[in-house]
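Worksheet: the structure to be examined is printed underneath.
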Amino acid sequence: MSTTAPEAHRNDADRMTDPNWWRQAAVYQIYPRSFADSNGDGIGNLKGITAKVPYLKSLGVDAVWLSPFYPSALADGGYDVDDYRDVDPKIGTLEDFDEMAAALHEAGMKVIVDIVPNHSSDRHEWFKEALASPKGSPARDRYIFRDGLGENGELPPSDWESVFGGPTWERITEPDGTPGQWYFHIFAKEQPDFNWDNPEVREDFLKTLRFWSDRGVDGFRIDVAHGMTKNLEGTLPTRADLEARASEGDGFVDGSHPYWDRDEVHAIYAEWRKLFNEYNPPRTAVAEAWVHQTRRARYASPEGLGQAFNFDLLQADFDATQFHTIITKNLAEAAASGASSTWVFSNHDVVRHATRYGLPVAEPSSDAEIMAGQAGKKWLLEGGKQEDVDIELGLRRARAASLLMFALPGSAYLYQGEELGLQEVGNEITDAERQDPSFFRNKGKEIGRDGCRVPLPWTAEGPSFGFGDGPAHLPQPAWFADFAVDVQDGDESSTLELYRKALKLRRELQSGEELEWIPNADPQVLHFRRPNGWESVTNFGTDAVELPEGTVVVSSSALEDGKLPGATTAWLFG
Ligand code: NOJ
């Protein structure tokens, strides 16, 4: 077997200097306050991450992406930023950041940070200044303030609903104490949207991108990349108007939605790209853009951010046809845009895939293409009952899906804890312990995203399973012990060891971005070949199937009499 891999980074030095390092990278997402707590205050911190660099190294990832660690009141888990160029004192200091970045670089891993440009927090200096300044002032112009409707401006400028539920407009009290204007927020009311027509806003983000790039950050994950630019002038359409338009034909694919995916946003990214390219190697970026598939390429283009998340697998069921369609479409799309594809099953916003795959398949929703995979969402709406989850099946499928993903060309984005096969925490978190604004703004209608943000179990014993010396900021159920790192470490059958083995092989084998489907008579089986004879076969069904000729190098579950059992992936060389 040949493992000649021109684009593989068999040594870390290659990765650190290669401008294309991101194209086939395995990127590990850290949710900082829930990863590792070095001082026992129950909140994960940067020093905790630095202490775990050897763990990340042994896992075999190429880069680490940190969700926001900036000063924040945590109205939205840190996506409400008070100051873009500092570290939250609850999480550490800028010196801690430098130490962490140096340790990751030293160990051959790249560092990606989250940039949140659509909105700041309501505690940001600029927003405080806006509230203290009069209507029409330059300070107000950095955000989106409008007069209300009705005789005394007592009605919001529109009846739109925010992403987390409740209205998109919040009324302020003017400095003289009278009821005043309204400001726009797509998310929580603690997250006022910036006015991206304001040159000061543009300048300030360039400064932020430079600040972190100069500190050695290698790339950026752009939060709500399809937000930012807006058209909120004049009489605004009603919510009913917007919903009617969205369900007609292709909805807003012409970029005419008042606040999502407008064409003007790309001028901002063109400017950012120039800045990224001033560095050597150029800084990278990946867009979080929940847009129609036909609109994604522009975000991912080399003149833009360079890469965009495709959340299609994350929304799909464990289903051969859905996987086949999604992979084929996304590889073609990435090739056309000049980017490489991205793959992701879990992140801090969705139900962990080990749980999702153990839930009954939800009915396809009428407005989705093939996205029947709303099982996780449905489970959250129904209260997240653990007894509804087939844990064994969910884990088995999650392992098979992840092994398949690691064989795909493009970047694989992993979310902390998935390498442990960790399950989502559901109704074991009480209402009083919940933190997610989507729970509060929906008045408890859905339980929200806290269940995937519960601090990691490092050891089977200890006050917070080795996360820290005291209780964790979100409660960890007793069953977390079974998933602890120290329980899995060295156990060949564990999910952790499967990930380590697969990521190590992937690093040796990745080369080129080609994928060739190999037809299989069984519609439940997906089989493909990568350059150098590397093959991946997944059985999405329940009965064991014959494997193709070849030597198996890793499988997500044990083979049965040389056959590939249901919900299993194997890699082999023919
Ligand atoms: C997307 C982030 O992933 C999510 O966690 C956050 O709540 C919203 N953007 C708002 O910033």
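The values are calculated or read from the model by the stated rules, or taken from the named source; none is laboratory data. Only a predicted model underlies this, so the values are computations on that prediction, with no experimental measurement involved. Please note: Cβ atoms are built from the backbone with ideal geometry, for glycine as well, and neighbour counts cover all protein chains shown. With ligands, DNA and RNA removed, areas are computed over all heavy atoms of the protein, side chains included. Shrake-Rupley method; radii C 1.70, N 1.55, O 1.52, S 1.80 Å.
Assorted remarks:
Residues checked against (1) more than 19 Å from Trp196 (Cβ to Cβ); (2) more than 16 Å from the ligand (Cβ to nearest atom); (3) at pLDDT below 95:
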| site | (1), (2), (3) |
| --- | --- |
| Ala102 | yes, yes, no |
| Gly108 | yes, yes, no |
| Ile115 | no, no, no |
| Ser120 | no, no, no |
| Glu125 | no, yes, no |
| Leu131 | yes, yes, no |
| Pro138 | no, yes, no |
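- Residues that are closer than 20 Å to Leu206 by Cα and in contact with a strand residue (DSSP E or B) (Cβ under 9 Å, 6 or more places away or on another chain) are absent from the stretch 98-108.
- Counted residues, the stretch 432-455 - those being in contact with a His (Cβ under 9 Å, 6 or more places away or on another chain), within 11 Å of the ligand (Cβ to nearest atom) and outside any helix (DSSP H, G or I): 2
- Taking the criterion of being within 16 Å of the ligand (Cβ to nearest atom) and outside any loop (DSSP other than H, G, I, E, B), the residues of the stretch 184-200 that qualify are Phe184, Asp193, Phe194.
- Checking Gly216 against (1) assigned by TED's automatic domain parsing to the domain that holds Val111; (2) within 14 Å of the ligand (Cβ to nearest atom); (3) in a loop (DSSP other than H, G, I, E, B), the condition it does not meet: (2)
- Any hit, the stretch 164-175, residues being within 30 Å of Val64 (Cα to Cα) and touching a His at 6+ places or on another chain (Cβ under 8 Å): no
- So Leu275, is it open to solvent by less than 10 Å² (accessible area, probe 1.4 Å) and either free of Cβ contacts under 8 Å to residues at least 24 places away in the same chain or assigned to a helix (DSSP H, G or I) (or both): yes
- Of the residues making up the stretch 137-158, those that are touching a Pro at 6+ places or on another chain (Cβ under 9 Å) and either of a type in the set (A, V, I, L, M) or touching a residue at least 40 places away in the same chain (Cβ under 8 Å) (or both) are Arg140, Tyr143, Ile144, Arg146, Leu149, Ser158.
- Checklist (1) within 16 Å of the ligand (Cβ to nearest atom); (2) buried (at least 17 other Cβ atoms within 10 Å of the Cβ) applied to Gly165, failing item: (2)
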